[in-house]
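Please treat every number below as a calculation from the coordinates, not as lab data. Note that this is a predicted model, so its numbers are computed, not measured. Because the Cβ atoms are built from the backbone with ideal geometry, glycine has one as well, and the counts that use them run over all protein chains shown.
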Ligand code: NAD
């Protein structure tokens, strides 16, 4: 079988990854990146297409040659691929349900820890030689986490790990997830409104779908405590960014930790860059070496299972 990775450099940006798990049953061609108008030429005669957050829309999929039978997204979120268009052409789309679970949960809690100690504000103040936090009363929020409430929206793989880390810090954990889940006694399932009202930190861990786009909007932000923070390591469009900016400007909420933005990278004049109570990172949740090599290994499992006739992790059955 022939497989082509259309934008391998997005995953292997440091040339450190071992791709041999993908080549036990395939001949693999890697392209560093592919523009939309290059895709069709590159998928000719290929059986398996591998993408990493590369937009592959109906316009392209509808013209895929009949040889293509599988699109393997090198990640968990697959909102970049038109899975309905793929199904119409009898192409399976599979993802990697969890490869960076611990890393993303650790990043979410890194934001929580940093925001609770107002590290971004303190760093900014010292950088401009403002020593008032040495010489006067501390002028920024600074508090312990035990006993504070962590609200988790979406209790899947990453959400669960975030819950576990929050509990380890002594936080009370409340969860909103519309789909039934079993958890120990230590957590409480509540409505999304209750998560917003009660939490000191809200961490988003649901996928981006038509239902969850702008799940956090002006109305929902208005339910949050002015001392509360929002953390998003999932997908930028879960939050209406204009509403978030307004809520931060008005002091309606205390701050935010954002690994993902509505437009990536954000425009250079995005007001979030100017806000000292906001930490932004460039969608790094999945990028630690360990996570990326695990991803390649799991993609090998997906591809081998597909070739052997028992596909796994198919998201468009
Ligand atoms: P998962 O599928 O295991 O969990 C998603 C959870 O969201 C499920 O429990 C589901 O029931 C819940 N959910 C679905 N709709 C919901 C809604 N309307 N409201 C609340 N909850 C809802 O996925 P995961 O592995 O935990 O990953 C979560 C998301 O994290 C992915 O979809 C991806 O977008 C994002 N992610 C980001 C990075 C990064 O680099 N920052 C890396 C990996 C994953």
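Calculate for the chain the 222 nm mean residue ellipticity that helices alone would give, adding -39,500 (n - 2.57) per DSSP H run of length 4 or more and normalising by residue count, nearest 500 deg cm²/dmol.
On the way: 12 runs with 102 residues, N = 317.
After summing the helix terms and dividing by the residues of the chain, the value is -9000 deg cm²/dmol.
What ranking do 279-291, 192-204, 118-130 get when scored by the average of other Cβ atoms within 10 Å per residue, highest first?
Numbers: 279-291: 16.5, 192-204: 22.1, 118-130: 14.3.
My ranking of the peptides, most packed first, is 192-204, 279-291, 118-130.
Enter the Cα centre distance for the pair segment 209-233 and segment 242-266, rounded to the nearest angstrom.
10 Å
Put a dot 7 Å past each Cα toward the Cβ at residue 249 and residue 31; how far apart are the dots in nm?
4.1 nm
For the chain, find the longest principal axis of its Cα atoms and tell me its angle to the long axis of helix 289-307, 0 to 90°, nearest 10.
The angle comes out near 40 degrees.
With just the Cα atoms of segment 1-155, tell me how far they stretch along each of the three principal axes, in Å, largest first.
70, 32, 31
Measure nothing but the geometry: give the 0 to 90° angle between the long axis through the Cα atoms of 157-168 and the longest principal axis through the Cα atoms of the chain, rounded to 10°.
30 degrees
In what sequence, highest mean first, do 302-315, 263-276, 100-113 appear when ranked by Cβ atoms within 10 angstrom?
Numbers: 302-315: 16.2, 263-276: 12.1, 100-113: 22.3.
The densest-packed peptide leads the list: 100-113, 302-315, 263-276.
Contact order normalised by length for the chain, with contacts defined as Cα pairs under 8 Å and 6 or more residues apart; what percent is it?
Working: 603 pairs, mean separation 57.8, N = 317.
In percent, rounded to a whole number, it is 18.
So what is the relative contact order for segment 101-280, in percent, with contacts set as C-alpha pairs under 8 Å and at least six apart? Mind showing how you got there, number by number?
On the way: 325 pairs, mean separation 37.2, N = 180.
Taking the mean separation of contacting Cα pairs over the length of segment 101-280, I get 21 percent.
For segment 101-280, report the convex hull volume of the alpha-carbon atoms normalised per residue, in Å³, without decimals.
Values: hull volume 21.0 nm³, N = 180.
Output value, Cα hull per residue: 117 Å³.
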